[in-house]
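First comes the structure, then the notes that go with it.
The values are calculated or read from the model by the stated rules, or taken from the named source; none is laboratory data. Just so it is clear, the structure is predicted and the values come from calculations on it, not from any experiment. Virtual Cβ from ideal backbone geometry, glycine too; neighbours counted across all protein chains shown.
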Amino acid sequence: MLLSIRQYGDPVLRTPCAPVEKVDLELNTLAVNMLETMYAAEGIGLAAPQVGLGLQLVVIDIPAEEVNEGECVTVNGEEKPVRSIMPLVFINPKLEPYGEQELCTEGCLSVRGVRSKVSRPNRVKATLHKLDGKVLEIDCGGLLARCLQHECDHLSGLLFTDKVSSAAKVTITKRLKNLLHLSSDAH
Ligand code: NI
């Protein structure tokens, strides 16, 4: 089932999410629906607040064409191809970004029509809880490291637009204001 994606200006996107305490059928169904919604919107990640729910739940699927040849991720001490852990569905993440700051262009399914460069550390260590109870200790770089930081920011009520450089902010401010008008017209 496709869910409606909340847009910039919706307060749910600004509210920190509660940890998931119980993984039941309802949560599994939600995760499946979030994946379906993300694929339909051609995104690579979606966090629960983006579909209106204040839960620490994220889905990610980085397509093969976005992964560099031979790019690996360390999962519980073992090197694995990035694609082998996709789609990645997890709750209650703990993230430790590290490494050099890197500028990369980001967009977001909740901020339509706005793309901007964001500086973030280029590596991440993460503890992710899967819905089947398994825990993944991950160490990664590349697009997965970026995507994990972007999606986990959503769980804290942060958007990538909060993190663009002040120069780039000037460019996107007008577009963000327009998005606010669009969302108030729609309600
Ligand atoms: Ni986003």
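Whenever a residue of region 138-163 is over 12 Å from P121 (Cα atoms) and within 14 Å of the ligand (Cβ to nearest atom), its partners that are part of a helix (DSSP H, G or I) and among the β-branched types (V, I, T), lying with C-beta atoms within less than 8 angstrom and at least six residues away or across chains, give the pairs T161/I172.
Within region 1-59, restricting attention to residues that are assigned to a helix (DSSP H, G or I) and touching a Lys or Arg at 6+ places or on another chain (Cβ under 8 Å), which residue is surrounded by the fewest Cβ atoms within 10 Å (Cβ to Cβ)?
Per the stated criteria, the residue is V12.
Would you confirm whether or not region 150-166 contains a residue that is over 15 Å from the mean Cα position of the chain (by Cα) and either under 22 Å from L3 (Cβ atoms) or surrounded by fewer than 19 Cβ atoms within 10 Å (Cβ to Cβ) (or both)? Within region 150-166, one or more residues are over 15 Å from the mean Cα position of the chain (by Cα) and either under 22 Å from L3 (Cβ atoms) or surrounded by fewer than 19 Cβ atoms within 10 Å (Cβ to Cβ) (or both).
Among N33, N76, N28, N68, which is modelled with pLDDT under 95 and more than 14 Å from E151 (Cβ to Cβ)?
Every option except N68 fails the conditions.
Just a yes or no: is a residue in region 95-103 surrounded by 14 or more Cβ atoms within 10 Å (Cβ to Cβ), free of Cβ contacts under 8 Å to residues at least 60 places away in the same chain and within 14 Å of the chain's Cα centre (by Cα)? Checked against the condition, which is being surrounded by 14 or more Cβ atoms within 10 Å (Cβ to Cβ), free of Cβ contacts under 8 Å to residues at least 60 places away in the same chain and within 14 Å of the chain's Cα centre (by Cα), region 95-103 yields at least one hit. Inspection of region 85-103 finds a residue satisfying the criterion of being touching a Cys at 6+ places or on another chain (Cβ under 8 Å) and at pLDDT 95 or above. Looking only at residues in region 60-92 that are within 16 Å of the ligand (Cβ to nearest atom) and either touching a residue at least 60 places away in the same chain (Cβ under 8 Å) or polar (S, T, N, Q) (or both), the one that is surrounded by the most Cβ atoms within 10 Å (Cβ to Cβ) is I60. Summed over region 3-39, residues that are closer than 16 Å to C108 by Cα and touching a Gly at 6+ places or on another chain (Cβ under 6 Å) total 3. Cβ-Cβ contacts under 8 Å between residues 6 or more apart (or on different chains), taken from a first residue in region 1-24 that is at pLDDT below 95 to a second residue that is small (G, A, S), are absent. Of the candidates K134, K125, the single residue that is away from the ligand (no atom under 16 Å from the Cβ), without any contact (Cβ under 8 Å) to a residue 12 or more places away in the chain and either under 22 Å from P81 (Cα atoms) or among the hydrophobic types (A, V, I, L, M, F, W, C) (or both) is K134.
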